[in-house]
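The structure under discussion appears below in the form of structure tokens.
The values are calculated or read from the model by the stated rules, or taken from the named source; none is laboratory data. Everything quoted here is computed from the prediction, not taken from an experiment. Reconstructed Cβ throughout: ideal geometry from the backbone, glycine too, with neighbour counts over all protein chains shown. Protein only, heavy atoms only, side chains kept; ligands, DNA and RNA dropped before computing areas. Shrake-Rupley method; radii C 1.70, N 1.55, O 1.52, S 1.80 Å.
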Amino acid sequence: MTFVNDYHKKRKVHYNEIITSDIQGEFLIILRHGVYKIIHINKFEVTTTLPMDLDDSSTLIMDLQKAERAAVCELAPNLICSSIENRYFKEEYINAIRPSYSFNEIELVYKDVIPALIEIINTEVPIVVNSSIYIRDLWKEVDYKIDKLQQKKSIDIKYITKMKNFRNWWYTQLQDDILPTSTVMVFSHGDFWEGNILQSNNGLKVIDWNTASMRSYFFDLYFVLFSLTSRTIDTQYGIYRLNQELSESIDFLSKTLINSNRFEGIPKQVVNTDFYRLLFYLDFMLLKLKEFNTEDIKHMKEFVRWLDLFEELEKCNSVPMTSKEKLTTI
């Protein structure tokens, strides 16, 4: 805490200067929502904390709650201790390498990612919600967040226009013939990509669970595949490969989960996967609108780039598919 508070005070005065400290063996990471992470290399611990002079501790409390939920998953770091009064919680530090995935080695993605997704989904019992109500509430929240953004003078209007245009397009695509009565919600990491995946001799681990929540069935799968696409140098090739892999990966994940005892009592229903893809887009928009500092241009550009990728994929899907091609069993 001394490390964080000293740094935070000095940074407010010397924002563009290098700040030094005599504390050894620790790394400080500042997250976008104002929370600090201290990595204790020698102790193999990570402390998440909030500077004492920041009044609102709600973000830290939410991060702790998510860490507690995630700790049930075998892939998550162990939660060592916590104290809301002292504004911190401490987790296991996992020293391992990050994998490098690409569409050219898609078999490696399936080998690592699908079993990890199954483990994450099985962390909590899935629930079934009314599709119309869920979409209505999700739409209202996205709409509210975009309108709130528009009130900020520092946000370039082109980003607001992009979001509104995509939101309006989304609404036109949600036709009655793809809207199921109910939607399956599962436990989701929310930021599942290779940067948050670690590989060691003891197996695969997943870190940074501060976006964990219950989300639509295929959210994390769509997220990791779009993440691969976003880092492909040739965007058109990336979209082409994404379109190739989506159907197979969704089918494989669905069939594997059917046999999971976590899905007892959940209707094994045939649904239109177009619906879950569209739902991912809106879920993603809300997640990004909530999580980052909207004045951070780098992350704003990355957000808009993903919206561009969504549009490119939909162009590939503009050729009508047969009912059989659109359906999968869950």
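Could you list, in sequence order, the residues of the range 77-92 that are at pLDDT 90 or above and not aliphatic (A, V, I, L, M)?
Our first condition is that a residue be at pLDDT 90 or above; within the range 77-92, this holds for 77-81, 90-92.
Correct list: PRO77, ASN78, CYS81, LYS90, GLU91, GLU92.
Between SER131, SER102, which is small (Gly, Ala, Ser) and in contact with a strand residue (DSSP E or B) (Cβ under 9 Å, 6 or more places away or on another chain)?
Values: SER102 fails: in contact with a strand residue (DSSP E or B) (Cβ under 9 Å, 6 or more places away or on another chain).
Residue meeting the stated conditions: SER131.
A single member of GLU107, GLU26, GLU74 is at pLDDT below 90, under 27 Å from VAL224 (Cα atoms) and open to solvent by 30 Å² or more (accessible area, probe 1.4 Å), and it is GLU107. Taking the conditions exactly as written (modelled with pLDDT of 90 or more and β-branched (Val, Ile, Thr)), does ILE239 satisfy them or not? Considered against the rule, which asks whether it is modelled with pLDDT of 90 or more and β-branched (Val, Ile, Thr), ILE239 comes out as yes. Report, by residue number, each residue of the range 136-149 that is more than 15 Å from MET214 (Cβ to Cβ) and open to solvent by less than 50 Å² (accessible area, probe 1.4 Å). Answer for the range 136-149, where residues must be more than 15 Å from MET214 (Cβ to Cβ) and open to solvent by less than 50 Å² (accessible area, probe 1.4 Å): VAL142, ASP143, ILE146, LEU149. Applying the condition of being open to solvent by less than 40 Å² (accessible area, probe 1.4 Å) and either among the hydroxyl-bearing types (Ser, Thr, Tyr) or over 25 Å from HIS299 (Cβ atoms) (or both) to the range 153-174 and asking which residue is modelled with the lowest pLDDT yields LEU174. Selection over the range 175-193 of residues that are touching a helix residue (DSSP H, G or I) at 6+ places or on another chain (Cβ under 7 Å), open to solvent by 10 Å² or more (accessible area, probe 1.4 Å) and under 19 Å from LEU287 (Cβ atoms) gives a count of 1.
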